[in-house]
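Working notes for the structure below.
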Amino acid sequence: MDIKELIEKNIDVIKKLRLKLNSNAELAFKEYKTQDIIIEFLKDINIEAEKIAKTGVVATINSGDNCIALRADMDALPVNGVSHVCGHDYHMAIALGTALILKKLGSNKVVKFIFEPGEETTGGAVPMIKAGALIKPKVDYMIGFHVWPNVPVGTIEVASGASMASVDDFHVKFVGKGGHAAAPHLCNNPMYPAMEFIQSMNIQSRIENNPLDSHVITFASIQCGNANNVIAEECEVLGTVRTFNNELRNKLYEDILKNSRICAEKYGCKVELNYDFQYPPLISDEAITNKFIDITKKLIGQKNVSSLEKTFAADDFAFFSEEVPSVHFRLGIEEKKKGVNFLHSSNFDASEETILNGIYIITNFILSLDY
């Protein structure tokens, strides 16, 4: 029996497992039932698993000093109550299905399965790395993937380099001297440095940086007072910075720091900057990605493996890819009227056929790769 036939023989079990995970959707770092479902399934197929990073799971097939790892995220979103409108139930089902098929094939490959909690909030990758998820056995390569709307079932999108952006949020508070709007000369209006800061950053980011090096600075909120005749003491500016280049990422931080200070001083105000470095850009390693592309094209056909378009959305698989040479690909979920609504939409759905395709592609790659 070949790999695909074996998957088809067991696909109903995996589909039922996906439904069980879906009906027990839980928010970030509260995935206790999800954790139990994963561990119970792995135990039933004689794979030992351990809890890690509060609600995460790590399990390894076979023993050795080195391995390849497959990551699946676990948490759901507060949409439609609590639901898997980002497709993480599919990710877990595909990872568990891969474990099942490798076990039934009697493969001697050392494979680690990493089930990550909290991806939708602060992220579970860093806690898992700190807790030792990438050691004993040492992870040499990693595979990550995401189900992707409007990509046909049976196809994937993949490319080396950056595919998803870094995410950094900033909170700039300009502090002036408030007072009566009829006597602005007696005040230091914090709205003025805030407005100039926004304008100067918009201009500087366009003229100083390579237009081919994509980035986004979005000013999403400015909050200053609530009365017509009162000059407020404080003005707060909220926004986000996203880029695919770590050098540019650091430069934009320095620019925001410098410009906010200059604008504050110009208007006799003080400034407080809270800059939250969140996720780095997700970068797929060139060598391992090219191997994945070559192997997968032979498996499902060249026309079914396409290059991907970058997105300013983010995924904290980026932290794993900083530590270990990795490939991250997009798995098609569109079939007929399913898989056309974007991730996080209250109407998100996917074709169940993507489960078989995901297991087939990942299992074949693991078995074909020398490590």
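The values are calculated or read from the model by the stated rules, or taken from the named source; none is laboratory data. In this text, all values refer to a predicted model and were calculated from it rather than measured experimentally. Methodologically, a virtual Cβ is constructed for each residue, glycine included, from the backbone with ideal geometry; neighbour enumeration extends over all protein chains shown. In case anyone asks, the SASA skips ligands and DNA or RNA and just uses the protein heavy atoms, side chains included. Shrake-Rupley method; radii C 1.70, N 1.55, O 1.52, S 1.80 Å.
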- Query: What is the one condition in (1) in contact with a Leu (Cβ under 9 Å, 6 or more places away or on another chain); (2) surrounded by 21 or more Cβ atoms within 10 Å (Cβ to Cβ); (3) part of a helix (DSSP H, G or I); (4) not polar (S, T, N, Q) that Ile355 does not satisfy?
  - Reply: (1)
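Having 3 or more residues that are open to solvent by 10 Å² or more (accessible area, probe 1.4 Å) and touching a helix residue (DSSP H, G or I) at 6+ places or on another chain (Cβ under 9 Å) is the bar; report the strands (runs of 3 or more DSSP E) wholly within the stretch 1-82 that clear it.
On the way: elements: 49-52, 56-61, 66-73.
Here the list reads 49-52.
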- Query: Restricting attention to the stretch 213-228, which residues are open to solvent by 40 Å² or more (accessible area, probe 1.4 Å), closer than 18 Å to Ser200 by Cα and of a type outside the set (A, V, I, L, M)?
  - Reply: His215, Thr218, Phe219
- Task: Test Ile256 against the stated conditions and say whether it is part of a helix (DSSP H, G or I), open to solvent by 50 Å² or more (accessible area, probe 1.4 Å), modelled with pLDDT of 95 or more and among the β-branched types (Val, Ile, Thr).
- Result: no
- Quickly run through the stretch 86-105 and pick out the residues that are open to solvent by less than 20 Å² (accessible area, probe 1.4 Å), of a type outside the set (A, V, I, L, M, F, W, C) and in a helix (DSSP H, G or I). His88, Asp89, Tyr90, His91, Gly97, Thr98
- Note on the structure: Flagged in the stretch 106-137 as β-branched (Val, Ile, Thr), open to solvent by less than 20 Å² (accessible area, probe 1.4 Å) and out of contact with any Pro (no Cβ under 8 Å at 6 or more places or on another chain), in numbering order, are Val111, Ile114
- Query: Is the stretch 282-291 home to any residue that is touching a Lys or Arg at 6+ places or on another chain (Cβ under 8 Å), of a type outside the set (S, T, N, Q) and either buried (at least 16 other Cβ atoms within 10 Å of the Cβ) or not in a helix (DSSP H, G or I) (or both)?
  - Reply: no
- Test: Lys266 is over 18 Å from the mean Cα position of the chain (by Cα) and modelled with pLDDT under 95: no
- For the stretch 1-53, enumerate the residues that are in contact with an Asp or Glu (Cβ under 9 Å, 6 or more places away or on another chain) and on the phi > 0 side of the Ramachandran plot. Phe29, Ala53
- Task: Please list, ordered by first then second residue, the pairs with beta carbon atoms under 8 Å, 6 or more apart or interchain, first in the stretch 327-352 and on the phi > 0 side of the Ramachandran plot, second of a type outside the set (Asp, Glu) and assigned to a loop (DSSP other than H, G, I, E, B).
- Result: Lys336/Ser351; Gly339/Val153; Gly339/Ala350; Gly339/Ser351; His344/Val79; His344/Val85; His344/Cys86
- What are the pairs, 6+ residues apart or on separate chains, where a residue within the stretch 134-157 that is free of Cβ contacts under 8 Å to residues at least 60 places away in the same chain has its Cβ under 6 Å from a residue that is surrounded by fewer than 19 Cβ atoms within 10 Å (Cβ to Cβ) and of a type in the set (A, V, I, L, M)? none
- Task: Looking at (1) modelled with pLDDT of 95 or more; (2) open to solvent by 10 Å² or more (accessible area, probe 1.4 Å); (3) outside any strand (DSSP E or B), find the lone condition where Asp140 falls short.
- Result: (3)
- Item | Count - residues of the stretch 229-242 that are buried (at least 16 other Cβ atoms within 10 Å of the Cβ) and outside any strand (DSSP E or B) | 2
- Being under 19 Å from the mean Cα position of the chain (by Cα) and among the aromatic types (Phe, Trp, Tyr) narrows Phe365, Phe292, Phe319 down to just Phe319
- Any residue in the stretch 335-351 that is more than 21 Å from Ile114 (Cβ to Cβ), among the aliphatic types (A, V, I, L, M), in a loop (DSSP other than H, G, I, E, B) and open to solvent by less than 10 Å² (accessible area, probe 1.4 Å)? yes
